[in-house]
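**Student:** Would you mind keeping the following structure in view while I ask a few things?
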Amino acid sequence: MSHLVAPSVLSADFGNLQRDIELINNSDADWFHVDIMDGVFVPNISFGFPVLKAIQKHAKKPLDVHLMIVDPDRYTQQFKDAGAEVLTFHLEACTHLHRSIQNIKNSGMKAGVALNPHTSIHLLEDIISDIDLVCVMSVNPGFGGQKFIENTFTKVAALKKLITEKNSKALIEIDGGVDLNNYKKLVSVGADVLVAGNTVFGSANPTQTITQLKQI
């Protein structure tokens, strides 16, 4: 499988949201990456169900929804109803990991688990075969435009090894600081999905940048 590119809607122009959604629709991007932040789990607030439903109304590609919230189990069905196809929650925000994964799958979505930069991939050893996606945070969660954490390369390589050893089908997603200078190395060490926010929407030609991020 060639790697996927998921532009982060958090970096879009919210005064022209439909325009930027259509830009992604008409580009080589594979998914829409949508960050949901509650101001509690992370020090920022993004948007909730009304905006997600507005995105879903116009999006022609899967919605990859990343929950940076406390007690994510409360909203599983609501995110399904709002159009999420992949729903990712943070290991650090979850008490009963297996139950949360099964709740997402039983709702008809793919289940993802996100890891903060300080969280070891070894915490996934007993559950990796049940996960559809692991989101490796390559910056501290909460804000776009942060500097990429170099240890991510080592972490991704170790995670790829674990996935192979456990015969898991989980995809590895990288979220934070992905740009045209590091994306090829990320793919080479095992990344399957690249989330790109400022790199895409901060460029002079977002569509061309997405195409570049697809090339190896």
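**Student:** Quick check: is even one residue across the range 6-16 surrounded by 21 or more Cβ atoms within 10 Å (Cβ to Cβ), at negative phi and touching a Lys or Arg at 6+ places or on another chain (Cβ under 7 Å)?
**Tutor:** No, the range 6-16 contains no residue that is surrounded by 21 or more Cβ atoms within 10 Å (Cβ to Cβ), at negative phi and touching a Lys or Arg at 6+ places or on another chain (Cβ under 7 Å).
**Student:** Just one of ASN198, ASN151 is of a type outside the set (A, V, I, L, M, F, W, C) and within 27 Å of PHE47 (Cβ to Cβ); which is it?
**Tutor:** Of the residues listed, the single one that is of a type outside the set (A, V, I, L, M, F, W, C) and within 27 Å of PHE47 (Cβ to Cβ) is ASN198.
**Student:** Report whether or not PHE47 is at pLDDT below 95 and touching a His at 6+ places or on another chain (Cβ under 8 Å).
**Tutor:** Against the criterion (at pLDDT below 95 and touching a His at 6+ places or on another chain (Cβ under 8 Å)), PHE47 does not qualify.
**Student:** Identify, please: which residue in the range 9-56 is among the small types (Gly, Ala, Ser) and closer than 13 Å to GLY142 by Cα and is, among those, farthest from the chain's Cα centre (by Cα)?
**Tutor:** GLY39
**Student:** Tally time: how many residues in the range 79-97 are touching a strand residue (DSSP E or B) at 6+ places or on another chain (Cβ under 9 Å) and in a helix (DSSP H, G or I)?
**Tutor:** Of the residues in the range 79-97, 6 are touching a strand residue (DSSP E or B) at 6+ places or on another chain (Cβ under 9 Å) and in a helix (DSSP H, G or I).
**Student:** Ok, one more. How many residues does the range 178-199 hold that are buried (at least 23 other Cβ atoms within 10 Å of the Cβ) and out of contact with any Leu (no Cβ under 8 Å at 6 or more places or on another chain)?
**Tutor:** Matching residues across the range 178-199 total 2.
**Student:** Follow-up. Examine the range 143-157 for a residue that is of a type in the set (A, V, I, L, M), more than 29 Å from ALA12 (Cα to Cα) and either in contact with a Lys or Arg (Cβ under 9 Å, 6 or more places away or on another chain) or modelled with pLDDT of 95 or more (or both), and state whether such a residue exists.
**Tutor:** Within the range 143-157, one or more residues are of a type in the set (A, V, I, L, M), more than 29 Å from ALA12 (Cα to Cα) and either in contact with a Lys or Arg (Cβ under 9 Å, 6 or more places away or on another chain) or modelled with pLDDT of 95 or more (or both).
**Student:** Does at least one position in the range 130-143 carry a residue that is more than 17 Å from the chain's Cα centre (by Cα) and either farther than 19 Å from GLY112 by Cα or not hydrophobic (A, V, I, L, M, F, W, C) (or both)?
**Tutor:** yes
**Student:** Is it the case, given these coordinates, that THR164 is among the polar types (S, T, N, Q), part of a helix (DSSP H, G or I) and modelled with pLDDT of 95 or more?
**Tutor:** yes
Residue-by-condition table, conditions (1) polar (S, T, N, Q); (2) over 25 Å from LEU17 (Cα atoms); (3) in a loop (DSSP other than H, G, I, E, B):
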residue	(1), (2), (3)
VAL40	no, yes, yes
HIS66	no, no, no
ARG99	no, yes, no
ASN103	yes, yes, no
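**Student:** Further, regarding this structure: Within the range 52-68, take every residue that is in contact with a helix residue (DSSP H, G or I) (Cβ under 8 Å, 6 or more places away or on another chain) and surrounded by fewer than 21 Cβ atoms within 10 Å (Cβ to Cβ) and give me the one that is nearest to ALA29 (Cα to Cα).
**Tutor:** LYS61
**Student:** Working carefully through the options PRO72, PRO117, find the one that is in contact with a Cys (Cβ under 9 Å, 6 or more places away or on another chain), without any contact (Cβ under 8 Å) to a residue 40 or more places away in the chain and either crowded, with 18+ Cβ neighbours inside 10 Å or within 18 Å of VAL193 (Cβ to Cβ) (or both).
**Tutor:** PRO72
**Student:** Hey, another quick one. For the range 49-79, enumerate the residues that are charged (D, E, K, R) and over 28 Å from GLU125 (Cβ atoms).
**Tutor:** Scanning the range 49-79 gives LYS53, LYS57, LYS60, LYS61.
The values are calculated or read from the model by the stated rules, or taken from the named source; none is laboratory data. Note that this is a predicted model, so its numbers are computed, not measured. Every residue, glycine among them, receives a Cβ derived from its backbone with ideal geometry; neighbour counts consider all protein chains shown.
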